[in-house]
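Structure record follows, encoded as structure tokens.
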Amino acid sequence: MNPTDFSRPQRMSRGAFIIIMWKTLKKLSTVFLTIILADFFNIDAEREMTLVESILLSCGICLVLTVILASFSYFFKKFYISDGNLVVTHGLIDRENTSIPLDKVHSLRTQKGILYRLFDMRGIVFDTLASRQEEVELILSDADWKQLLDIIEKEDRKQYETSSSHPTVTPTTVVLPTTRLLLAALCQNHLKGMAVLGSLFAIIFSNLSDLPDATTHRMTLWLENFFGSVSYTLPGILLTFAAGYLMILFFLLGRILFRYADMIMSYDRRLITFTYGLFSRNSSRFFHDKICTIWIKRNFLERKFGFSTIMLRQALFASAEKEEDRIKIYGSDSSGFFLDWWIGAGKASTPDFLAAKSGKGVLIISILPPLLLTILAVIILCHYNLFIWLIFPLVYLIVSIFKGILKMRHSQIHLKPECILINCGSFAFISNYLKYGNVEVIGLHRSPLSRFTGRLTLIISTSGTTFRLRSLPEAEALLIYDAILAKASGQYF
């Protein structure tokens, strides 16, 4: 019998053991490195062995534990396919069976880093609607992965053909240029880099008082020798800040480049697949009927240069909760293609039959917490006669007010015949497109002030996203509420 037909329980490919060992070693090394450093700085302790012997012993224990834990993960885990289900058995004492219907898999995420390439392996994560603790990861050789993918494709194609009258077609492949990726990455939110730099400076200056005087003196001498007297002038301070910001921006660009370079998109009517990564090649597959929202962001720079950032959102646990596990498509404005592919050609740009815009309540809710923090900061600074530092809470308040105004202006909802468009965002304009059939919960919230203001909050939830549109006019909110209920249930409106 073909050993890769997956009809009988089998372990992961042999090279998986080495990769599991490496992953386990990385997790344990943090703990043992902390122990080694604590032992190194504990100068007054009486040692029964030399420092070198202690380090060697710790490394030996770490390696032994790595081999034991990796053996448990590898030798006591088997999988097979039965009746259209992926069945995984694992555990040493308590044997557990996890069964995943292949037609319930929302997406497949694969990873092929440098170590994976050395052993011709690939890590596969099966994302379902279960919690992240229940997601299943397999490490297979490329040959086994292709065989498994072929079986999954046959199951999905069978489901698609029974539920759709459209014939299957050959996928179309598009290469997204890396040069466009870098240009679009430069248009991302530069406030993030400034926030990182500001946080870094805040941490450094807040800990200077805890350092010994000799260490602080050496740092001051080094700065004087390196920057000279220019570091004490206003242009010198600005130049230092700019250099630090450029360095952080360089790392942010490098992160985007390493993750998304050489992106290849392959699509047909039923699914779309992305393969990306400069060194570690990853892939993700999105099925047409399992996408709940298309998220499109355009900040000032992206609008100016014709770029956009796009995400295809699935169910909450289908594409992981971490931001780094989600795919962001940077580059030219290809939002029209994705909307036409998912909703239908030209249907996302049809005229609205209902629309509503948020009022000043959004502004008030946005600036109230920053206003309270600013008042508290001003009171503390004035109490300690630190009047020169008042500029920081005041700038923070001004930025918060400007942010609240933009958030109020952008908060809108538009009902189209085939989809819902929800706009939001502050410094960046964000458009969220969702189908009526994907709406799972819709509600209206009345605050104690609603009877005086005549404003309501409309809550719309899908399996992966929740939107709150605050301060909508009551009459318009009720009409939109009834219209979405009617359209979601398939009634004509």
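The values are calculated or read from the model by the stated rules, or taken from the named source; none is laboratory data. What you are looking at is a predicted structure, and each value in this text was computed from that prediction instead of being measured. Positions of Cβ are backbone-derived with ideal geometry, glycine not excepted, and every protein chain shown enters the neighbour counts. Heads up: the accessible areas ignore ligands, DNA and RNA and are worked out on the full protein's heavy atoms, side chains in. Shrake-Rupley method; radii C 1.70, N 1.55, O 1.52, S 1.80 Å.
General remarks:
For (1) out of contact with any Lys or Arg (no Cβ under 7 Å at 6 or more places or on another chain); (2) among the small types (Gly, Ala, Ser), each residue gets a yes or a no:
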residue	(1), (2)
266	yes, yes
290	yes, no
293	no, no
301	yes, no
307	yes, no
314	no, no
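- Residue in region 422-429 that is open to solvent by less than 30 Å² (accessible area, probe 1.4 Å) and on the phi > 0 side of the Ramachandran plot present: yes
- Set side by side, the residues 443, 437 differ, and just one is in a helix (DSSP H, G or I), among the small types (Gly, Ala, Ser) and free of Cβ contacts under 8 Å to residues at least 60 places away in the same chain, which is 437.
- Among residues of region 245-283 being in contact with a Phe, Trp or Tyr (Cβ under 8 Å, 6 or more places away or on another chain), open to solvent by less than 30 Å² (accessible area, probe 1.4 Å) and outside any strand (DSSP E or B), the one that is nearest to residue 340 (Cα to Cα) is 270.
- Restricting region 430-461 to residues that are of a type in the set (D, E, K, R) and more than 30 Å from residue 336 (Cβ to Cβ), the residue that is most open to solvent (accessible area, probe 1.4 Å) is 451.
- Verdict on residue 478 being in a strand (DSSP E or B) and farther than 30 Å from residue 288 by Cβ: no
- Residue satisfying all of: in region 14-37; of a type outside the set (A, V, I, L, M, F, W, C) and open to solvent by 80 Å² or more (accessible area, probe 1.4 Å); farthest from residue 112 (Cα to Cα) among these: 34
- Flag for residue 40 being assigned to a helix (DSSP H, G or I), open to solvent by 80 Å² or more (accessible area, probe 1.4 Å) and at pLDDT below 75: yes
- Condition met for residue 68 (in contact with a Gly (Cβ under 9 Å, 6 or more places away or on another chain), open to solvent by less than 80 Å² (accessible area, probe 1.4 Å) and modelled with pLDDT of 85 or more): no
- Complete set of residues in region 348-397 that are open to solvent by less than 100 Å² (accessible area, probe 1.4 Å), within 29 Å of residue 482 (Cβ to Cβ) and not in a helix (DSSP H, G or I): 350, 352, 353, 354, 355, 356, 358, 359
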